[in-house]
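*Asks:* Okay, handing you the structure first.
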Amino acid sequence: MGPASTRSNVKLSEIASTLASLGAKPTQSLGQNFLHDQNLAKWIVEQVGIEAGQPWLEIGPGLGALTEYAQERSENGTLLEKDDRIIDWLRGRFPKLGLIHGDALDYDVRELFWRGPVRVFGNLPYYVSSQLLFRFGEEPSPASSMVFTLQRELAERLCASPRTKAYGALTLLLGRRWKPELVRILPARLFTPVPRVDSAVVRLTPREDGSLDECDDRLFRNLVKRGFAQRRKQLRKNLDLERWPEIAAAIGVPGTARAEELSLPQWIALTNLAGGCTGDHSAKAQDTTGEIFDIVDQHDRVTGQAPRGEAHSRKLRHRAVHIFVFNNRGELFLQKRSLWKDTHPRAWDSSASGHVNSGDTYTSTAPRELLEELGVSADLQEIGGVEACEGTGWEFVKIFHARHNGPFRLPPAEIECGGFFTIEQLSRWIAARPQDFATGFLECWKTLDASHQLLH
Ligand code: SAM
């Protein structure tokens, strides 16, 4: 017997004695299959790539097989465990780590943003693995990468190629934002009790900027789900798109194609064509030609006009609106600016915002921006203003309040994703990581905070 299996046996008896001391047995309904190979545990944690001081979150730490190696790399970690019986034991064993006792399916991932990009990992309980993948992987996600041990069959679905049985909605819905990689198959015998099926370790890394075209997220989801609802049927019938023959030809598939025949880039192209746009979002985002602003003095009085580029490069004072959209729960919607924006790309920003064009007013601009950026209309009420300064990019800003629960239609050229956040979550996030936000938004936030207008 080699050194690895000797250590492994030690671990097996440790698991048994810890469980015995807790008066507990592994619970099938909690998906409890404990990893007893320490070399492998260490290897899995290596795949997560945690660096010193980096924040991480482990889902379902159980008896800490992975946790001890993660803690060796960074003590800035949090454990999320459902089992009542092992919580106190975990607290005693890992006193330096954060510990959340609860169901990972109910966990509000928005609580993580203030910590910066978080490495998320775990040997997941199989009965909820796919739901957890969506919970942590869906936009907006605070995860900078995810490494999960999954049931082998689920791992294969995530990483599947077109025209295979495993390829489906899950592959595409997660694959649009995450690049999946099946790193290793793990035989069932490495876990105790031994599960009925093998497992696999999958690493999900965010897709590189620009590696895929952007598209409307909601429409993409809707089309993919409809396309695979009856996977043996042709898309012509499943999608029922008026211009299907034309779209099929444009994306290079026969009119008789089924959902599984389209690659991810083809699904994205289909979404853009069905939504009536070309997919050339970068050009659209940068096309600001012809925009003329009123230039104003330090008292916000119009003194002349200038093209957008000149107003910005010469730091001439001009005008803009920011709209803060709250839902019925009092949460504020923030948008994440697209990577093509000329200022603050990929920063978090007000729900909607935009320049006041020459000849327009603040009040006429606000509803137009709300419609253009979020695809909705709502009653707007002016709730504050910010003087032109470096932080606003020399814009005088009027801030408007709107109430809407979404969903919104976000133009992919302008906005990468968005989400509602509680005011407490945002206060904490802004205090910890102001660099994540557009400075104009921060100025508006400061103003509203000072006048107690944020807690609706
Ligand atoms: N990480 C440990 C290991 O590798 O030995 C345990 C892995 S075991 C497959 C799954 C773990 O997830 C268990 O500790 C179980 O109690 C926990 N768990 C099950 N359902 C959960 C849920 N909904 N939320 C959080 N933890 C859960």
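The values are calculated or read from the model by the stated rules, or taken from the named source; none is laboratory data. These numbers were taken from a predicted model, which means no experiment stands behind them. Backbone-built Cβ (ideal geometry, glycine too); neighbour counts: all protein chains shown. Note: accessible area is taken over every heavy atom of the protein model, side chains too, but ligands, DNA and RNA are not part of it. Shrake-Rupley method; radii C 1.70, N 1.55, O 1.52, S 1.80 Å.
*Asks:* Out of residues 5 or more away from GLU395 or on other chains, whose amide H comes under 5 Å of its own, with H placed 1.01 Å from N in the peptide plane?
*Replies:* Sorted by chain and number, the residues that satisfy this are HIS318, CYS389.
*Asks:* Per residue, what accessible area does segment 1-121 have, given a 1.4 Å probe and all protein chains present, in Å²? Provide the component values of the computation, followed by the final result.
*Replies:* Numbers: 5430 Å² over 121 residues.
Here the residues of segment 1-121 average 45 Å² of exposed surface.
*Asks:* Can you run phi through the Karplus equation (6.51, -1.76, 1.60; θ = phi - 60°) for segment 214-222 and list ³J(HN,Hα) in whole Hz, with x for Gly and Pro?
*Replies:* Calculated HN-Hα couplings, in order: 7, 7, 5, 4, 5, 5, 4, 4, 4 Hz.
*Asks:* Next question, about the same structure. Sum up the charges of everything whose Cβ sits under 11 Å from the Cβ of ILE50, counting Lys and Arg as +1 and Asp and Glu as -1, but leave ILE50 out.
*Replies:* Numbers: positive: ARG73, ARG119; negative: GLU46, GLU51, GLU58, GLU72, GLU75.
Once positives and negatives cancel, what remains is -3.
*Asks:* Using alpha carbons only, how many angstrom separate the centre of segment 121-149 from the centre of segment 298-314?
*Replies:* 48 Å
*Asks:* Give the ranking of LYS233, LYS179 by solvent-accessible surface, highest area first, calculated with a 1.4 Å probe. Intermediate results must be reported in sequence, preceding the final value.
*Replies:* On the way: LYS233 85, LYS179 105 Å².
Highest to lowest solvent-accessible surface, that is LYS179, LYS233.
*Asks:* Measure off 7 Å from each Cα along the Cα-to-Cβ vector at ALA450 and LYS96, then give the distance between these two points in nanometres to one decimal.
*Replies:* So the two model labels end up 4.2 nm from each other.
*Asks:* Same structure, new question: For Cα pairs less than 8 Å apart in space and 6+ apart in sequence, what is the mean separation divided by the residue count of segment 194-284, i.e. the relative contact order in percent? Numbers along the way, then the final one.
*Replies:* On the way: 74 pairs, mean separation 31.5, N = 91.
For segment 194-284, the relative contact order is 35 percent.
*Asks:* Could you work out the relative contact order of segment 345-456, using alpha carbon pairs under 8 angstrom and six or more residues apart, expressed as a whole percent? Present the calculation step by step, with values, prior to reporting the outcome.
*Replies:* On the way: 118 pairs, mean separation 31.5, N = 112.
Averaging sequence separation for qualifying contacts and normalising by length gives 28 percent for segment 345-456.
*Asks:* Tell me, what is the FRET efficiency for ALA431 and GLU382 to the nearest 0.05, using R0 = 25 angstrom and their Cβ-Cβ distance as r? The partial results should precede the final answer.
*Replies:* Numbers: r = 27 Å, r/R0 = 1.07.
Between ALA431 and GLU382 the formula returns 0.40.
*Asks:* What does the charge add up to near ASP300, with Lys and Arg as +1, Asp and Glu as -1, over the other residues with Cβ less than 13 Å from its Cβ? Don't skip to the answer; put the middle values down first.
*Replies:* Details: positive: ARG301, ARG317, ARG319, LYS398; negative: ASP294, ASP297, GLU387, GLU395.
Spelling it out: positives minus negatives among the neighbours equals 0.
*Asks:* Near the amide H of GLY418, under 5 Å away, which other amide H atoms are found, from residues 5 or more places off or on another chain, if H is placed in the peptide plane?
*Replies:* Residues meeting the amide H criterion: LYS336.
*Asks:* Where the accessible area of the chain is counted over protein heavy atoms with a 1.4 Å probe, how much of it, in %, is carbon and sulfur? Intermediate values should be presented prior to the final figure.
*Replies:* Values: 9990 of 20680 Å².
Ligands and nucleic acids excluded, carbon and sulfur reach 48 percent.
*Asks:* Which distance in nm do the two modelled labels at GLU372 and GLU242 give, with both placed 7 Å along the Cα-to-Cβ direction?
*Replies:* Reported label-point gap for GLU372 and GLU242 is 2.6 nm.
*Asks:* Let me check something: with ligands and nucleic acids excluded, how do ARG110, ARG91 order by accessible area (1.4 Å probe), largest to smallest?
*Replies:* Values: ARG110 55, ARG91 120 Å².
Ranking ARG110, ARG91 by accessible area, largest first, yields ARG91, ARG110.
*Asks:* Before I look further, what does segment 286-455 give for accessible area per residue, probe 1.4 Å, in whole square angstrom?
*Replies:* Working: 7620 Å² over 170 residues.
Value returned for segment 286-455: 45 Å² of accessible area per residue.
*Asks:* Which of rounded, prolate, oblate describes the chain, given a ≥ b ≥ c as roots of the alpha-carbon gyration tensor eigenvalues and a/c under 1.5 marking rounded, otherwise prolate only if a/b is larger than b/c?
*Replies:* Note, shape of the chain comes out oblate.
*Asks:* Can you list residues from other chains, or at least 5 along the same chain, whose modelled amide H is less than 5 Å from the amide H of PHE437?
*Replies:* TRP348
*Asks:* May I pose another question? To check my understanding: the extent here is largest minus smallest coordinate of the Cα atoms along each principal axis. What are those three numbers for segment 148-258, in Å, largest first?
*Replies:* Largest first, segment 148-258 extends 54, 33, 22 Å along its Cα principal axes.
*Asks:* Compute the separation of the alpha-carbon centres of segment 39-95 and segment 184-217 and state it in Å as a whole number.
*Replies:* One Cα centre to the other: 19 Å.
*Asks:* Taking θ as phi - 60°, what are the ³J(HN,Hα) couplings along segment 55-68 by the Karplus curve (6.51, -1.76, 1.60), each to the nearest whole Hz, with x for Gly and Pro?
*Replies:* Using θ = phi - 60°, the values come out as x, 9, 9, 10, 8, x, x, x, 9, x, 3, 8, 4, 5 Hz.
*Asks:* Shifting gears a bit: Net charge within 14 Å of SER17 by Cβ-Cβ distance, Lys/Arg positive one each and Asp/Glu negative one each, not counting SER17 itself?
*Replies:* Numbers: positive: LYS11, LYS25, ARG93; negative: GLU14.
Its environment carries a net charge of +2.
*Asks:* When only Cα pairs under 8 Å and 6 or more residues apart are kept, what is the percent relative contact order across the chain? It would help to have the intermediate numbers written out before the result.
*Replies:* Details: 841 pairs, mean separation 50.2, N = 456.
Across the chain, relative contact order equals 11 percent.
*Asks:* Can you give the charge dipole size of the chain about its Cα centre, rounded to the nearest 20 debye, using +1 on the beta carbon of Lys and Arg and -1 on the beta carbon of Asp and Glu?
*Replies:* It works out to roughly 1760 debye.
*Asks:* May I ask you to evaluate 6.51 cos²θ - 1.76 cosθ + 1.60, the Karplus curve with θ = phi - 60°, for each residue of segment 395-409 and list the ³J(HN,Hα) values in order in whole Hz, giving x for glycine and proline?
*Replies:* Couplings: 9, 7, 10, 10, 9, 10, 9, 9, 10, 7, 9, x, x, 10, 10 Hz.
*Asks:* Which lysines have a Cα less than 16 Å from the Cα of LYS398, not counting those fewer than 8 places away in the same chain?
*Replies:* Candidates past the 8-residue exclusion: LYS446.
*Asks:* For segment 217-278, report the translational diffusion coefficient in µm²/s to the nearest whole number, using Stokes-Einstein at 4 °C, 1.567 mPa s, and a Kirkwood Rh over Cα pairs. Each step should come with its number before you reach the end.
*Replies:* Details: Rh = 11.2 Å.
Estimated diffusion coefficient is 115 µm²/s.
*Asks:* Between ALA20 and LEU219, what is 0.36 nm times their sequence separation minus the Cα-Cα distance? Round to one decimal in nm.
*Replies:* Details: separation 199, 0.36 × 199 = 71.64 nm, distance 5.15 nm.
In short, 66.5 nm is gained.
*Asks:* With a bin width of 5 angstrom, please list the P(r) values of segment 12-206 as percents of all Cα-Cα pairs, from the 0 bin to the one holding the largest distance.
*Replies:* Answer for segment 12-206: a P(r) of 1, 8, 17, 21, 22, 17, 9, 4, 1, 0, 0 percent.
*Asks:* When the solvent-accessible surface of protein heavy atoms is calculated with a 1.4 angstrom probe, in what order do TRP348, TRP394 fall, highest first? Numbers along the way, then the final one.
*Replies:* Details: TRP348 15, TRP394 70 Å².
If we order TRP348, TRP394 from most to least accessible, we get TRP394, TRP348.
*Asks:* Can you find, among ASN238, GLY210, LEU270, the residue farthest towards the positive end of the dipole of segment 203-270? Put +1 on the C-beta of Lys and Arg, -1 on that of Asp and Glu.
*Replies:* Sorting the options by dipole projection puts first ASN238.
*Asks:* Now for a different question. How much accessible surface area, in Å² rounded to 10, belongs to the heavy atoms of ARG119 with a 1.4 Å probe?
*Replies:* ARG119 has an accessible surface of roughly 50 Å² with all protein chains in place.
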